[in-house]
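For reference, the structure is listed below as structure tokens.
Please treat every number below as a calculation from the coordinates, not as lab data. Computed from a prediction, not measured in an experiment: that's the story for all the values here. Every residue, glycine among them, receives a Cβ derived from its backbone with ideal geometry; neighbour counts consider all protein chains shown.
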Amino acid sequence: MTKYQAHRLAIAPMMDWTDRHCRLFHRQLSRHALLYTEMVTADAVIHGDRDRLLGHDAAEHPLALQLGGSDPARLAAAAAVGADWGYQEINLNCGCPSDRVQSGCFGAVLMENPGLVGDCVAAMIAAQPRPVTVKCRIGVDDQVPEQVLPRFLETIEAAGVRHVVIHARKAWLQGLSPKENREIPPLDYPLVLAMKRAFPGLTVSLNGGVATLEQAQGLLAQGLDGVMVGRAAYHDPAAVLMGADPAIWGAPAPAADRAAAARAMRPHIARHLAAGGRLHQITRHMLGLFAGQPGARGWRRMLSEGASRPGAGLDLFDAALTGVAERAAA
Ligand SMILES: Cc1cc2nc3c(=O)[nH]c(=O)nc-3n(C[C@H](O)[C@H](O)[C@H](O)COP(=O)(O)O)c2cc1C
């Protein structure tokens, strides 16, 4: 390993999913993959409950904060707060198509206004010392990606961005739900690879439709600098993350197997319960840990039925793990 590059494999920002419990769980499977927060709007960072929005465990690093917004001054202020809170990268969301996000003029609609994105990232860079990165689509609506994407990348590179994550499909701003916008517009990996060749000075990560670690490695071998995985890493985290540290960074895997990764969460669960939290808030992110393995169904059922009951604690968690071990031994 020459230079440590966390972005080689990243877990995507996902609202309601990649909260601090989820990220700490993913850390039990990979120490090195770059993790992202859920998107937080600049206004929420400026005016909201920072402990709740930005608080995290030091063990979650390397960790990037994703911001949403389109006002350069407010994004700059929020980026500075993010840097103070210890995030090592500040990412601007230019890819999210949901209505709520469009009405605030940010997310994927920014693909139509590269000049404004340039002003936003320049202000964010000037306001604080951490790298500012951009997550974008290949275009929106009737845009021709081969034309608009190079112009978009040129603009943000000129404004000082050195790393871009490209979700390799368009977003349709009207007529498709956010979920459909992650499934219906076709993926165009060759275009993202072409962008890497056209912008050799830019660190280019690909996102969209990557399901396994092997697929991510195949894309890295084709010359991409990084691969970001979203849904597959959430639904089957071990398939994406468990072999990642040895395969990508030449480092030992933090957990010998899935059960060891689960057990490593016990101290965090105990602290969360002691502070008045619910078991389900953590275990809802762990339901896919044994996906495809013997005992997966029982694990999922026990935790999804039992963990939100008042008083559910480590006894239930341990019993669910024992259930998996018994099925595996049967
Ligand atoms: C539940 C969910 C929430 C998401 N929230 C965000 C978000 O906050 N910011 C963002 O840039 N993308 C968000 N995305 C999009 C993902 O980051 C990613 O771009 C998309 O899922 C495609 O990658 P995948 O095919 O590997 O899942 C979200 C996706 C999902 C499934």
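Straightening the chain between K179 and D16 buys 57.3 nm, computed as 0.36 nm per residue apart minus the Cα-Cα spacing.
Karplus-derived 3J(HN,Hα) values for the stretch 173-186, using 6.51 cos²θ - 1.76 cosθ + 1.60 with θ = phi - 60°, are 7, 10, x, 10, 6, x, 5, 4, 5, 9, 10, 7, x, x Hz; glycine and proline are entered as x. Restricting the calculation to Cα atoms, the stretch 192-330 yields a radius of gyration followed by a Dmax of 18.2, 57 Å. Take every Cα pair under 8 Å whose residues are at least 6 apart in sequence, average their separation, divide by the length of the chain, and the relative contact order is 16 percent.
The Cα trace of the chain gives Rg and Dmax of 19.9, 61 Å, the first to one decimal, the second as a whole number. Against the empirical 2.2 N^0.38 Å (N residues), the stretch 108-180 has a Cα radius of gyration ratio of 1.13. Remark: C-alpha extents of the stretch 32-123 on the principal axes read 37, 28, 26 Å, sorted largest to smallest. With a Förster radius of 35 Å applied to the C-beta separation of D43 and E146, the computed FRET efficiency comes to 0.50. Determine, from the Cβ-Cβ distance of R309 and F199 and an R0 of 45 Å, the FRET efficiency 1/(1 + (r/R0)^6), rounded to the nearest 0.05. Rounded to the nearest 0.05, the efficiency is 0.30. Going from the fewest other Cβ atoms within 10 Å to the most, the residues C94, C22 appear in the order C22, C94. For Q222 and C105, the FRET efficiency from 1/(1 + (r/R0)^6), where r spans their Cβ atoms and R0 equals 35 Å, is about 0.50. Multiplying each eigenvalue of the alpha-carbon gyration tensor of the stretch 258-329 by 5 and taking the square root yields semi-axes of 20, 12, 10 Å, largest first, rounded to whole angstroms.
For a 4.7 Å threshold on C-beta separation, the list of partnerless cysteines in the chain reads C22, C96, C105, C120. Subtracting the Cα-Cα distance of E214 and A330 from 0.36 nm times their residue separation leaves 38.8 nm of extension gain. The trypsin sites (Lys or Arg not before Pro) of the stretch 175-217 that meet both conditions, a loop assignment by DSSP and at most 16 other Cβ atoms within 10 Å of the site Cβ, are K179.
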